[in-house]
Amino acid sequence: MTNRLVLSLTAFCAALWSAGTAATQAPAPGVPPIQASTPDAPRDADGNLMAGKPFVPCGPNTGSQIGILPNSVRNTSAQNAAASANAGAGRGAAPADPAAGGRGAAATPRPTTTDPVILAGMRAAVDPRGGNGGLPNACNWADNTGFTSIFDGTLKGWDGDMRFWKVERDENGDPMIVGIATPEAPSGNAYLTYRPLQAHDFDFKADMRFINRGGGGIQYRSKTGIQWRAYAGPAGIYNNDWMLTGPQFDYWSGTSAHTGQSYSENTPMGIEASRNQIVRQFGNQRARKNLAGTIATTDAIAAAVNPEGTWNHFEIIARGPVVMHFINGQLTSVLVDDDPASSNNWSGFFGFEIENTTRFEAKNVYVRKLN
């Protein structure tokens, strides 16, 4: 008898709990289902399209803010409806699901406001700098606020073997740096160094393209005057005062797998983080490189690179031992080098490189130096 009574009470309690759970999970009558949010159609907690523009992929003129989210400070309609239902259900009602916004019989809907002054104050309390509802601004490559141009339309401040470097204008009339190597006038490894500026922590950006197949890249945190380790190039004996030693953002024309990788020019380290890799290392020994993870497939990164003959937007973010490479808004490689004596952690020059037979072009060259 006792066992049957216990089983009956247990079944009764389970039924009550099940019914209460179903009641709190069921949508309130008349409340439409909440639409899912997507990157192209970001929605608030009620499923409404967010105020302002949806997220826009990175591009040269995508400077509008992603929409501010005024409804982010309140419950959803379904939660408030459930809370009201719970509040009026009396003391015998099953406990409300906290996720539904209810607290049993005493629950009341949280206040809702669309007052812009109140919302602005709430956002400022969370982030005194303002911001736009916790969402970032869309990429705007043309916004150079805080940056300094290091290319004024001439080669003032730039140094290298000027047999291979000059200034021309592109099809839009924009000035650009041009590096040319031909079978008749081969360059070997040729560098163009910007002498007035050295940096350790910085943001760098430039638009670049290859017209003819070839290779090269962006040098940063680099030094000149160091003995060149490789053979003498086809242009003759290398002048070490023109040669850059240090980290490089590799860029090759076409579909080369080298594009986007982290490379150490004129050191034994060579390729340090291939395209799609996050690598951490200590010291100058290859055996100490460790793969920490991957970013995306190499094919996905290659798909972000515009074809030969069209412009690509390159960015470098360097902070302490961490350096990130981006092409057209796509992260391509990350290198973390914790050795303070490593050439990756120098404060040094910026520059461009060409090698092989090619025509290379660069414009809109900007740096935001932090130290």
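The values are calculated or read from the model by the stated rules, or taken from the named source; none is laboratory data. Everything numeric here is computed off the predicted structure, so don't read it as measured data. Here Cβ is always computed from backbone atoms with ideal geometry, including for glycine, and neighbour counts include all displayed protein chains. Just the protein is used for accessible areas: all its heavy atoms, side chains included, with ligands, DNA and RNA removed. Shrake-Rupley method; radii C 1.70, N 1.55, O 1.52, S 1.80 Å.
So which residues in the range 172-223 are in contact with a helix residue (DSSP H, G or I) (Cβ under 9 Å, 6 or more places away or on another chain) and either over 24 Å from His258 (Cβ atoms) or open to solvent by 10 Å² or more (accessible area, probe 1.4 Å) (or both), if there are any at all?
Once the filter is applied, which keeps residues that are in contact with a helix residue (DSSP H, G or I) (Cβ under 9 Å, 6 or more places away or on another chain) and either over 24 Å from His258 (Cβ atoms) or open to solvent by 10 Å² or more (accessible area, probe 1.4 Å) (or both), the range 172-223 yields His200, Lys223.
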Tell me, yes or no, whether the range 221-236 has at least one residue that is farther than 30 Å from Val322 by Cα, aromatic (Phe, Trp, Tyr) and touching a residue at least 24 places away in the same chain (Cβ under 8 Å).
-> no
Output the number of the condition that Trp252 fails; it satisfies all remaining conditions of (1) out of contact with any Leu (no Cβ under 7 Å at 6 or more places or on another chain); (2) modelled with pLDDT of 95 or more.
-> (2)
Which of (1) under 30 Å from Gly153 (Cα atoms); (2) over 20 Å from the mean Cα position of the chain (by Cα) does Gly329 not meet, given it meets every other one?
-> (2)
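From the residues in the range 307-347 that are among the aromatic types (Phe, Trp, Tyr) and part of a strand (DSSP E or B), which one is surrounded by the fewest Cβ atoms within 10 Å (Cβ to Cβ)?
Per the criteria, the residue is Phe326.
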Checklist (1) assigned to a loop (DSSP other than H, G, I, E, B); (2) in contact with an Asp or Glu (Cβ under 9 Å, 6 or more places away or on another chain); (3) of a type in the set (A, V, I, L, M, F, W, C) applied to Ile271, failing item = (1)
Gly146: on the phi > 0 side of the Ramachandran plot, part of a loop (DSSP other than H, G, I, E, B) and either open to solvent by 50 Å² or more (accessible area, probe 1.4 Å) or at pLDDT 95 or above (or both), yes or no?
-> yes
Residues being in contact with a helix residue (DSSP H, G or I) (Cβ under 9 Å, 6 or more places away or on another chain) and either among the acidic types (Asp, Glu) or open to solvent by 10 Å² or more (accessible area, probe 1.4 Å) (or both): count how many of those fall in the range 237-255.
-> 1
Just one of (1) crowded, with 19+ Cβ neighbours inside 10 Å; (2) at positive phi trips up Trp165, so point out which.
-> (2)
Given (1) open to solvent by less than 10 Å² (accessible area, probe 1.4 Å); (2) farther than 16 Å from Phe360 by Cβ; (3) assigned to a loop (DSSP other than H, G, I, E, B), index of the condition Ser264 fails = (3)
Scanning for something assigned to a strand (DSSP E or B) and open to solvent by 20 Å² or more (accessible area, probe 1.4 Å), does the range 224-234 turn up at least one residue?
-> no
In the range 348-358, how many are open to solvent by less than 10 Å² (accessible area, probe 1.4 Å) and more than 27 Å from Ala300 (Cα to Cα)?
-> 3
Kindly indicate which of Ala304, Ala296, Ala273 is small (Gly, Ala, Ser), within 21 Å of Asp201 (Cβ to Cβ) and surrounded by 14 or more Cβ atoms within 10 Å (Cβ to Cβ).
-> Ala273
Qualifying residues in the range 276-293 (those that are open to solvent by 50 Å² or more (accessible area, probe 1.4 Å) and in a loop (DSSP other than H, G, I, E, B)) - the one farthest from Thr358 (Cα to Cα) = Phe282
Long-range neighbours under 6 Å by Cβ, at least six apart or interchain, first residue touching a residue at least 12 places away in the same chain (Cβ under 8 Å) and part of a loop (DSSP other than H, G, I, E, B) within the range 158-182, second among the charged types (D, E, K, R) and loosely packed, with under 12 Cβ neighbours inside 10 Å = none
